[in-house]
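The values are calculated or read from the model by the stated rules, or taken from the named source; none is laboratory data. The structure displayed is predicted, hence computed values, not measured ones. Please note: Cβ atoms are built from the backbone with ideal geometry, for glycine as well, and neighbour counts cover all protein chains shown.
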């Protein structure tokens, strides 16, 4: 039996054309409202950042979009190749800013640092590069985090989750693939396993321990429909998965909030 056969019939289908129009207007209007005409974003060669580059190029014209590639020494060749493909297809402006030297210089002081510390440092270094380049390019930093990642806290605070605007924040990962196909994102990007390229061989679903196809349907029931735990179990979801996802949402909620400010008086 297919691993997804037991899943409840949750319809994650989107009208990709309508969503494209809405998100292009969002990018154009929000950047204009802030007094800018340009966008800056990090391009990793993955489906999320590729979709945002496609949207931004439509919304603002390619010459007003700066796609920044920021490889670390362990970044895959496929990531660089796929990023170059998107840049060549769309004709957006680009700059390559490797981050190996500054990351390695920092960790010379902390040679026993964990893999996760290194990954988080890389994510935050990339965001500092984007904000610096946004000052030069005179554009706003556009985020690439989808709704699945935001809800699960699968991202680095003030790293890949930081941005001025985020067009993908209300789209689940599985919906993103529909949008990518509609936009014409190359098949090799749409078909490869989702990965943040944190270390060689790393994949999102391997690190999370479940598939996006599974968790997105659970998140619809849990967040969008506010179903009780018993109803989700009756729908076919394992209690262990429900508890794990609920715990991830609770523990990582702080990542999606603005800093809490103490009230006085």
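In summary, residue 126 fulfils each of the numbered conditions (1) under 19 Å from the mean Cα position of the chain (by Cα); (2) at pLDDT 95 or above; (3) surrounded by fewer than 17 Cβ atoms within 10 Å (Cβ to Cβ) with the single exception of condition (3). Among the residues that make up the stretch 181-192, is at least one of them in contact with a helix residue (DSSP H, G or I) (Cβ under 9 Å, 6 or more places away or on another chain), within 21 Å of residue 150 (Cα to Cα) and surrounded by 19 or more Cβ atoms within 10 Å (Cβ to Cβ)? No. Enumerate the helices (runs of 4 or more DSSP H) found wholly within the stretch 137-212, keeping only those where 3 or more residues are closer than 24 Å to residue 238 by Cβ. In the stretch 137-212, the matching helices (runs of 4 or more DSSP H) lie at 147-152, 173-183, 204-208.
State whether one or more residues within the stretch 233-248 are in a loop (DSSP other than H, G, I, E, B), exposed (fewer than 12 other Cβ atoms within 10 Å of the Cβ) and in contact (Cβ under 8 Å) with a residue 60 or more places away in the chain.
If we filter the stretch 233-248 for residues that are in a loop (DSSP other than H, G, I, E, B), which is where we start, we get 235-238.
The next check asks that each one be exposed (fewer than 12 other Cβ atoms within 10 Å of the Cβ); those that pass are none.
Within the stretch 233-248, none of the residues are in a loop (DSSP other than H, G, I, E, B), exposed (fewer than 12 other Cβ atoms within 10 Å of the Cβ) and in contact (Cβ under 8 Å) with a residue 60 or more places away in the chain.
For the stretch 155-172, the set of residues classified as touching a residue at least 40 places away in the same chain (Cβ under 8 Å) and under 9 Å from the mean Cα position of the chain (by Cα) consists of 155, 160, 161, 168, listed by residue number.
Residues considered: 74, 85, 20. Of these, the only one that is in contact (Cβ under 8 Å) with a residue 24 or more places away in the chain and closer than 30 Å to residue 107 by Cα is 74.
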